Amino acid sequence: MSTGGWIVMLVSVITSTALFGWCIWRVARTPKASEKMHGFEFETPDETEQNQLDRSNL
Amino acid sequence: MGKFIQENWNSRMGAILAVAGSAVGLGNFLRFPGQVAQYGGGAFMLAYVISFLLIGLPICWAEWTMGRYGGRRGFFSCVGIMHAVTKHPMGKYLGVLGIVIPVIIYMYYVVIEAWCLGYSFNFLMGNAQFSTAAEAEAFFVGFTGLAGDGSAMGFGASQVGFFLLFCFILNFVLIYRGVSKGIEFFCKFAMPALIVLAVIVLIRVLTLGTPDASQPQNSIINGLGFMWNPNKVVVDEFALSPDGLPGELIGTTEVLGRSFVEEARARAELDPALQVREITIGEQLKRPGLWLAAAGQIFFSLSVGFGIILTYASYLRKEDDVVLSGLAATSANQFCEVALGGIDHHSRRRSLPGRGQRCRWHLCPWVYGFTHGVLTDWPGAPFSVFFSSFLLFLAAVTSSLSMLQPGIAFLESALRINRKQSVAILGFITAVGCMFVVYFSGQGLKALDTLDFWVGTFMIYILATIQIVVFSWVFGIRKGLQEAAYGAQFSIPALYGWIMKFITPVFLLTIFFFWLTENIFRYNPLTGQRVEGPGALDQLIGANANIVAQLSVLLIILFAVFVTIIVNSSSYYKTLSHTEED
């Protein structure tokens, strides 16, 4: 590989890696952004229906 | 009728990983390296970066913004989002493509996903130990059904049936579990695992040295040079006229490695039939074909124009950041493509024996890309090859999952049905399409190839153009940028307003024009010459019509009509919002 080839490869790889790393860092440092941002569990539509049915049967 | 509820992502990181997972697919690890190598490393990368900034990023931001806007009004599919954004009765019909594209692509993508899983299994179990290209080819032909229609439908380890069934069930189980518990849950594990596997394979490939000592020019370093060198050194071979002067050009070969270049120059001095020349990066950048290829790679790689990002973004909340999330997802895709796929796959393919055996088939890039580099008589195989194909499998699953969600969201909202019903309907439709693709595997995977051409290429150009035009001209660029800025850690630069309104649509339409003329009308306007071989239309009408190609197009039309009928009859799109938003 020529010197130019090394330069192109390293610039491309380092730039894409740095951009990805920066984005992830920005997302991760946002308070409550990385985990459980909405803070509640979700049910599938079928589970919701079943729960409603169970409650009405009680 | 079942009850339908709105879903949301459980975390912002999960949403980003899901969108990145949708974009990171086989094209990152197979198509991109081939494109860089074909069009000359440094020159291609320059065009690639410019295309990313002018096409990829603008459309991504537009899709994220419109998706969140539609989701806040109770619309979770491309049909509803286009309806909400355009605020016009006809707007919803623009979104039909956003359902047709991902569902039809799923029908053949899951087959390729099953190949990846099947290859992983067979490499791991030692069933696929290839020492010659002919052995690797024979396995591929048997496994994929290239031997003849219906030949792939068995359930043995060397046939795709069992692996296809497994992939199909896996996808629908995860989709049934929902956006948060299914897609997000899987992507949170699969994406980091995919990156770890890619790094393992990368390390092994970079330490291969010269796998075949009898061919020292085929080293990993020269493989990297083949891909990344900005200037190319080639040897032209000419037929000699009777008086000993160079005549017609017979062939051109690229030479890599300083010692081999010097050796070629020495041979050329002695042999008048040989001529060594250097192609500079400036000369390469003057080729319009290179710019088209770079723009096309960005376009396909980021999964823009599929309608998937719209659906995923519709599950965001009002205060969720779409600007940083969009940039993060696209940068994850670029990282996997450039830093991992760019170094690994082609340098290995270049350095291993038997490379380039199947390019003559002219199938979609995924298919012939997949057949490269599967010889297993090099050090570290078969585990490295197992990791490599399992990596492709994970990448394929995260993408195929994303192709189902728009269809599920559409059926649930338009028909007001619950998850079981929507999964059953979509499962039946995709199973029929999938069986069609698997059965008609002869004639060079004709069904897969035709669907990929008309849906995986033609339609996504159209939908991407519709999306950026709707965002910039119908929704309004000022309103669009204001909408994007809500909840964002940083705003989209003002310059992008101008780029999104003028540059991106013109760039897209230019690419589409050249693509149409070359692939449909078999004419290259750049050279003014007719392109050899039958065009896509020749396979549908006329003396060279092919029944499998015709059936494939009929399948697309039938599904598009099915979706349009639902859109037309659903009362869900009679109102512009199903929430308290305007």
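Going by alpha carbons, how many degrees (0 to 90, nearest 10) lie between the helix axis of B:288-301 and the longest principal axis of chain B?
50
Give me the inter-chain shielding for B:217-229: mean count of other chain Cβ atoms within 10 Å, whole number please.
3
If the only charges are +1 at each Lys and Arg Cβ and -1 at each Asp and Glu Cβ, what is the size of the charge dipole of segment B:192-306 around the Cα centre, to the nearest 20 debye?
Dipole magnitude for segment B:192-306 comes out near 600 debye.
Sort chain B into rounded, prolate or oblate with this rule: let a ≥ b ≥ c be the square roots of the eigenvalues of the Cα gyration tensor; rounded if a/c is under 1.5, and if a/c is not under 1.5, prolate when a/b is larger than b/c, oblate otherwise.
Prolate is the answer for chain B, as a/c is 1.5 or above and a/b outweighs b/c.
What residues from segment B:253-297 fall in the zone where the backbone N is under 19 Å from a label point 7 Å along the Cα-to-C-beta line of B:ASP243?
Taking a point 7 Å out along Cα→Cβ of B:ASP243, the residues of segment B:253-297 whose backbone N falls under 19 Å are B:272-274.
How many partner chain Cβ atoms sit within 10 Å of a residue's Cβ in peptide B:182-188, on average, as a whole number?
Rounded to a whole number, the mean comes out at 0.
Distance between Cα centroids, segment B:153-212 to segment B:500-574: provide it in whole Å.
What the calculation gives is 31 Å, centre to centre.
Summing -39500 (n - 2.57) over the DSSP H runs of n ≥ 4 in chain B and dividing by its residue number, what mean residue ellipticity at 222 nm do you reach, to the nearest 500 deg cm²/dmol?
So the calculated ellipticity at 222 nm is -18500 deg cm²/dmol.
Using a 1.4 angstrom probe, figure out how much accessible area chain B has per residue, in square angstrom, rounded to the nearest whole.
36
Can you bin segment B:380-455 into rounded, prolate or oblate? Criterion: square roots of the alpha carbon gyration tensor eigenvalues sorted a ≥ b ≥ c, rounded for a/c under 1.5, prolate for a/b above b/c, oblate for the rest.
Note, shape of segment B:380-455 comes out oblate.
Chains B and A: what accessible area do they bury, summed, in square angstrom to the nearest 100, with a 1.4 Å probe?
3600
Return the average number of partner chain Cβ atoms within 10 angstrom of each residue Cβ along peptide B:324-336.
Partner-chain Cβ atoms within 10 Å, mean over residues of B:324-336: 5.
Which angle from 0 to 90°, rounded to the nearest 10, does the C-alpha axis of helix B:41-51 make with the longest principal axis of chain B?
For B:41-51 against chain B, the angle is about 20 degrees.
For the protein assembly as shown, just the Cα set please: Rg and Dmax, both in angstrom.
According to the Cα coordinates of the protein assembly as shown, Rg and Dmax are 25.0, 103 Å.
How long, wide and thick is segment B:232-279, going by the Cα atoms along their three principal axes, in whole angstroms, largest first?
Projected onto the principal axes, the Cα atoms of segment B:232-279 cover 34, 18, 12 Å.
Using the Cα gyration tensor of segment B:8-68, with a ≥ b ≥ c the square roots of its eigenvalues, what is the shape: rounded (a/c below 1.5), prolate (a/b larger than b/c) or oblate (neither)?
Note, shape of segment B:8-68 comes out oblate.
So if I take the centroid of the Cα atoms in segment B:65-112 and the same for segment B:413-447, what is the distance between those two points in Å?
18
Could you tell me how many degrees, from 0 to 90 and to the nearest 10, lie between the Cα long axis of helix B:547-569 and the main elongation axis, the longest principal axis, of the Cα atoms of chain B?
With both axes taken from Cα atoms, the answer is about 20 degrees.
Mind ranking B:394-402, A:13-21 by how tightly packed they are, going by the mean number of other C-beta atoms within 10 angstrom, highest first?
Those peptides, ordered most packed to least, come out B:394-402, A:13-21.
In the protein assembly as shown, with Lys and Arg counted as +1 and Asp and Glu as -1 at Cβ, which of these residues, B:VAL437, B:ILE466, B:TYR573, has the Cα nearest the positive end of the dipole, that is, farthest along it?
Selected residue: B:TYR573.
For a protection proxy built on the mean count of beta-carbon atoms within 10 angstrom, sort B:90-100, B:74-84, B:490-500, B:141-151 highest first, please.
Per-residue Cβ counts within 10 Å, averaged per peptide and sorted highest first, yield B:74-84, B:90-100, B:141-151, B:490-500.
Once ligands and nucleic acids are excluded and a 1.4 Å probe is used, how much of B:VAL196 is accessible, expressed in Å² to the nearest 10?
80
The values are calculated or read from the model by the stated rules, or taken from the named source; none is laboratory data. All values derive from a computational prediction rather than experimental measurement. In this analysis, Cβ positions are derived from the backbone assuming ideal geometry, glycine residues included, and neighbour counts consider all displayed protein chains. The accessibility values were calculated without ligands, DNA or RNA, using every heavy atom of the protein model including side chains. Shrake-Rupley method; radii C 1.70, N 1.55, O 1.52, S 1.80 Å.
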